[in-house]
Structure formats: structure tokens, C-alpha cells
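Computed from the coordinates by the stated procedures, all read-outs in this text should not be read as laboratory data. The model shown is predicted, which means the values in this text are computed figures rather than measured ones. Note: ideal-geometry Cβ built from the backbone for every residue, glycine included; neighbour counts use all protein chains shown.
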């Protein structure tokens, strides 16, 4: 079996051998790993089971402003701080929701088609995804600010709903283009959780986010694609809702937030989990041997009956030692030695 078929089996809740895995690196972690190993091609040797194209606004560095990036939505990102991959927002595009004249950008659809064509003609045996980041809540608050977005949920919910409808309408034709190609899944990125509970609470999520995500999910499902959702933080309050609207796989699944045994028991027959190897506690703070033992524990719980993609909870940050990354990768690539006995 190839990597694609193994991962599809896992998403269909079948036991697989090996367990499919992914491992993403931040820029700093990649640089540290190259420096440690002396291998410029080390990232290619990870051999994750999944690959894809990614669009979240295509930030381009601003001429004359080193480290500052302007995305298609008009948001300026400052990457001069600790976060070199995403950055911090400089100001807001929408100052007043009631009187705003904001127009969503026209996406470069030819770029999207070119990227999808390259992906689908690459000859890889990996599971293929079209991944759209900052989909709904995140895109809203990056345009108008977190406090304003949450405030409008109370003070002007109808106008905010209209804005979310417009945002949903922006994404639908983009998803339609992706669905013309032979990808296996549509993935959405939209952080809803904090360390304890949802940022906006479950009732506001159900009013403002759920119906729009349901439309996006339905569009992907109508063409037989898997639906994957990235959301950092604690989303346990809405797991039944996500299952209801058709989610197949949830990522990041942070073990410092979730009791993985309980969540597997409650939802493991209806949804797949992707992640669970902590980038907050396990990878930066444990020894290589402890990391391997923790990965084995997690994998044995979550892979029973399928429904698990083994991975760090996020792209590995720069505070994780190179030897810890290699210890994790050794488990991923030699599962018969560690897990499947």
C-alpha cells in the first residue's frame, strides 16, 4: 500500500500498519535541524504521508520595509520578531464595521490552478490537500481586530453576520476551483480555541461560524472529498457540531488540553484526530527517550481502530532541539521497532 491509501484507510477508521504521520517545521526549526545534521535535504527525508498547496493571503514582502509583508486582503504582517513564519499584525484594515467599504480581493485563480496542477501531476504517492488558512474567524479578526470582532458579536451581530456571509461567498468559488482537481481533501485553518474553551464561546461560534463552515464543508463533501480542520486550542464544546456538519479530521488535538483517552472514547468512531504530540510540553521539555515513550503511548491510544494521523500539534517551533526532532522522526519511520510489537 502507498502512503495515500494508508492515510485514507486511517481516515475511514481502519487499523493501519504503519500509522500515517506528518511532520512540519517552522523556519527556525528547519535551520536548526540542518545545522545539527549538516544535511541540506533533511526536510525532504521526513517523508510525511501528506502534502498539498496552501493559501492564506499570499503575503509578499513590502519594498523598502524589511520583514514586513502585505497579504492579498490588505493586512500587513511584521515578521521581525520571534515569529518568522506568520508574524504580528500591524494595524487594522477595517476601522468601523458599520461604515466599512471593504472589498474582498480577487484571488489570482491562475496561480491557484498552476499550484494545483503541479501538485496533482507530481507523481507522489502522498495524500493530497488543498489547504485554505485564516478561513473565517481568523480572517475577520485580522482585518478588524480581535476585540472589535468579539465586540460586534454583542453590539452589532446582524452586520457581523453579513460580513461573515460575504467572507463565505469569497471562499466558495475558490473551493470550487480546488474541487476540479484530483485532491483528496479540502483543509480549513481557523483558530477558534484558547487554552481553556473557545475564544468566542460555543453560542457565538454556533451563530457566526458554524453555518458558514457548514457551507464550506458541504461544498467539499459534495465532490467526495475529505474535510480536515485545523484549529488550535480547546474546541471540545463543539465536537458534536463539527461531526454534525461533516468534519472528517480535526487537527491539532493538543494533549495538554484534551484527555486523549476520553476524547477517543467519545468521538473516535466519528472523527479522526491529527496531532497530539505536544509542541508546548513534550517536544521542547522532554529528553529524546521520554519523547519516544510519550509518542508510543499516544499512538497506541489514538490509532486503535484507525482514525489517527501521528504528528506534532503544530509545525515544530524553534525551541525544540534538533535531537528531539530526530528522536520523534525515528519513531515515525521505524514504527515496527517502537509501536507495532
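In the set (i) 90, 42, 35; (ii) 63, 47, 41; (iii) 86, 40, 32, the label that goes with Cα extents along the principal axes in Å computed for this structure is (ii). With contacts taken as Cα pairs under 8 Å and at least 6 residues apart, segment 122-203 reaches a relative contact order of 53 percent. For segment 108-159 versus segment 203-225, the spacing of their alpha-carbon centroids is 13 Å.
Take every DSSP beta bridge whose two residues both sit in the chain; close to 25 percent of them are antiparallel. From helices alone, the chain scores -11500 deg cm²/dmol at 222 nm; the rule is -39500 (n - 2.57) for each run of n ≥ 4 DSSP H residues, then divide by the residue total. With 0.36 nm allotted per residue and the present C-alpha distance subtracted, the residue 244-residue 262 stretch has 4.5 nm of extension available. Helix 322-333 axis versus longest C-alpha principal axis of the chain: approximately 70°, rounded to the nearest ten.
For the pair residue 117 and residue 147 in one chain, pulling the backbone fully straight at 0.36 nm per residue adds 6.8 nm over the alpha carbon distance. Taking a ≥ b ≥ c as the square roots of the eigenvalues of the alpha-carbon gyration tensor, segment 183-341 is classed prolate because a/c is 1.5 or more and a/b outweighs b/c. The modelled label-to-label distance between residue 13 and residue 154, using points 7 Å beyond Cα along the C-beta direction, is 4.0 nm.
With an 8 Å cut-off on Cα pairs and a minimum separation of 6 or more residues, tell me the relative contact order of the chain in percent. Here the relative contact order equals 21 percent.
Footprinting exposure proxy ranking of 337, 321, 84, 126, fewest other C-beta atoms within 10 angstrom first, gives 337, 84, 321, 126.
Potential lengthening of the chain between residue 162 and residue 60 amounts to 33.8 nm, from the contour at 0.36 nm per residue minus the alpha-carbon distance. Taking only Cα atoms, what is the 0 to 90° angle, nearest 10, from helix 157-178's long axis to the longest principal axis of the chain? Between the helix axis and the principal axis of the chain, the angle is about 50 degrees.
Normalised by the number of residues in segment 29-164, the average gap of Cα pairs under 8 Å and 6 or more apart makes the relative contact order 25 percent.
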